[in-house]
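The values are calculated or read from the model by the stated rules, or taken from the named source; none is laboratory data. A quick note: this is a predicted structure, and the numbers were derived from the prediction, not measured. Every residue, glycine among them, receives a Cβ derived from its backbone with ideal geometry; neighbour counts consider all protein chains shown. The area values use the complete protein model at the heavy-atom level, side chains included, leaving out ligands, DNA and RNA. Shrake-Rupley method; radii C 1.70, N 1.55, O 1.52, S 1.80 Å.
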Amino acid sequence: MWRFQPFWVRVLLEERADESNRLLVASHGHSLAIGDFVTPAARAELAETIRDALKRWRDALNPASAAPDQRPSTSFNP
């Protein structure tokens with residue numbers, strides 16, 4: 001079992017010269033290849049899906065880091 005702290009984990013997609021790729025999750029000097037059994041296109045899509053999920057999770061825990069148009073409103077408009 002591998003565990004990575006979500007605030008520090010990076011999702012890396014290593015592109016190769018032969019148009020293949022390798023998907024890794026990495027943190028603090030450790031990395032784990034994932035998705036080797038799916039197509040290169042599926043790995044690229046999975047990388048974006050994981051990045052998006054991590055961003056939404058991080059933003060939910062730290063609303064100040066969200067984009068200005070995605071931050072909760074703090075003003076009151078009756």
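Brief remarks on what is shown
- Net charge of the neighbourhood of residue 2, taken over other residues with C-beta under 15 Å away and scored Lys/Arg +1, Asp/Glu -1, is +1.
- Count Lys and Arg as plus one, Asp and Glu as minus one, and take only other residues whose Cβ is under 11 Å from that of residue 13; the net charge is then +1.
- Put 20, 31 in order of accessible area, highest first, and with a 1.4 Å probe you get 31, 20.
- Length added when fully stretched, residue 19-residue 46, from 0.36 nm per residue minus Cα-Cα: 8.1 nm
- Between residue 55 and residue 39, the distance separating the two model label sites (each 7 Å from Cα on the Cα→Cβ line) works out to 2.5 nm.
- Electrostatic bookkeeping for residue 49 treats Lys and Arg as +1 and Asp and Glu as -1; over the other residues with beta carbon under 13 Å from its beta carbon, the sum is +1.
- Label-to-label distance, nm, for residues given as residue 5 and residue 32 (7 Å Cα→Cβ offset): 1.7
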